[in-house]
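Student: Supplied in structure tokens, the structure appears directly below.
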Amino acid sequence: MKIYLDNCCYNRPYDNQSQLRISLETQAKLRIQECVRNGDYELVSSFVLMYEISKSPNVASAKSIEKYVTDYTSVYVSDNKLSEIEAIANEIQETGIKKMDSWHVSCALIANADYFLTTDKRLLKYKTDSIKMINPIDFISEMEE
């Protein structure tokens, strides 16, 4: 099974953990990363994700995230698919999704990922039959059923 985690998912452990939802999302995301390391899931990443990681003001967290993504990515969507990514992203943006988010979803779709994981509530409202949009907590719950 192929999964794509967006940038907000990777950054969740670096957020203020005082809210229960954020703390639970962090625990779920860390468990998912452990499962990827164990070979339970194939990690999908993209040039869009790597670009966004590189723009993080927190250099230490960016380096840690980049190392994990580089070490464990099974499927990488490069910019050689740019025209295809743009076309899909433009359609997604018509539903009100922000540009960068639409590019992440496009990359996941091009890679034929089964799940797109995000902690972005607004992005979770985007629905498509091509990929399951899900929060890390719900993903863990679904996988353990």
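Student: Tell me the residue from Y14, Y10 that is crowded, with 16+ Cβ neighbours inside 10 Å and touching a residue at least 24 places away in the same chain (Cβ under 8 Å), please.
Tutor: Being crowded, with 16+ Cβ neighbours inside 10 Å and touching a residue at least 24 places away in the same chain (Cβ under 8 Å) holds for just one of Y14, Y10, which is Y10.
Student: Further question: Considering only the range 39-64, how many residues are of a type in the set (S, T, N, Q), modelled with pLDDT of 95 or more and not in a helix (DSSP H, G or I)?
Tutor: 2
Student: S46 - would you say it is in contact with an Asp or Glu (Cβ under 6 Å, 6 or more places away or on another chain) and among the small types (G, A, S)? Show your work before the answer.
Tutor: Working: in contact with an Asp or Glu (Cβ under 6 Å, 6 or more places away or on another chain): no; among the small types (G, A, S): yes.
No; evaluated as a whole, the condition is false for this residue.
Student: For the range 6-26, what are the residues that are out of contact with any helix residue (DSSP H, G or I) (no Cβ under 7 Å at 6 or more places or on another chain) and closer than 10 Å to T118 by Cα?
Tutor: Residue satisfying the conditions is C8 alone.
Residues checked against (1) within 19 Å of K2 (Cβ to Cβ); (2) over 14 Å from the mean Cα position of the chain (by Cα); (3) of a type outside the set (V, I, T); (4) in a strand (DSSP E or B):
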| site | (1), (2), (3), (4) |
| --- | --- |
| D71 | yes, yes, yes, no |
| A87 | no, yes, yes, no |
| I97 | no, yes, no, no |
| M100 | no, no, yes, no |
| C107 | yes, no, yes, no |
| D129 | yes, yes, yes, no |
| I137 | no, no, no, no |
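Student: Residues that are within 15 Å of the chain's Cα centre (by Cα), more than 16 Å from N135 (Cα to Cα) and either at pLDDT 95 or above or not aliphatic (A, V, I, L, M) (or both): does the range 7-17 have at least one?
Tutor: The answer is no; no qualifying residue exists.
Student: Step by step: first the residues of the range 43-64, then only those that are surrounded by fewer than 17 Cβ atoms within 10 Å (Cβ to Cβ) and touching a residue at least 40 places away in the same chain (Cβ under 8 Å), then the one that is farthest from the chain's Cα centre (by Cα). Which residue is that?
Tutor: N58
Student: OK, next. So V75 clears everything in (1) touching a helix residue (DSSP H, G or I) at 6+ places or on another chain (Cβ under 8 Å); (2) surrounded by fewer than 19 Cβ atoms within 10 Å (Cβ to Cβ); (3) in contact (Cβ under 8 Å) with a residue 60 or more places away in the chain; (4) not in a helix (DSSP H, G or I) except one condition, right? Which one?
Tutor: It is condition (1) that V75 fails.
Student: Filter the range 97-122 for residues that are among the hydrophobic types (A, V, I, L, M, F, W, C) and touching a residue at least 40 places away in the same chain (Cβ under 8 Å); which is surrounded by the fewest Cβ atoms within 10 Å (Cβ to Cβ)?
Tutor: If we take residues in the range 97-122 being among the hydrophobic types (A, V, I, L, M, F, W, C) and touching a residue at least 40 places away in the same chain (Cβ under 8 Å), then M100 is surrounded by the fewest Cβ atoms within 10 Å (Cβ to Cβ).
Student: Evaluate the following for E142: is it part of a helix (DSSP H, G or I), among the charged types (D, E, K, R) and within 17 Å of P13 (Cα to Cα)? I'd like the intermediate steps shown before the answer.
Tutor: Numbers: part of a helix (DSSP H, G or I): yes; among the charged types (D, E, K, R): yes; within 17 Å of P13 (Cα to Cα): no.
When the stated conditions are applied, E142 does not pass them.
Student: On to the next question. Which of the residues spanning the range 109-127 are more than 20 Å from R21 (Cβ to Cβ), part of a loop (DSSP other than H, G, I, E, B) and modelled with pLDDT of 95 or more?
Tutor: Passing the criteria: A111, N112, A113, D114.
The values are calculated or read from the model by the stated rules, or taken from the named source; none is laboratory data. Not measured: the values here are computed from a predicted model. When we count neighbours, we look across all protein chains shown, and the Cβ atoms used for this are built from the backbone with ideal geometry, even at glycine.
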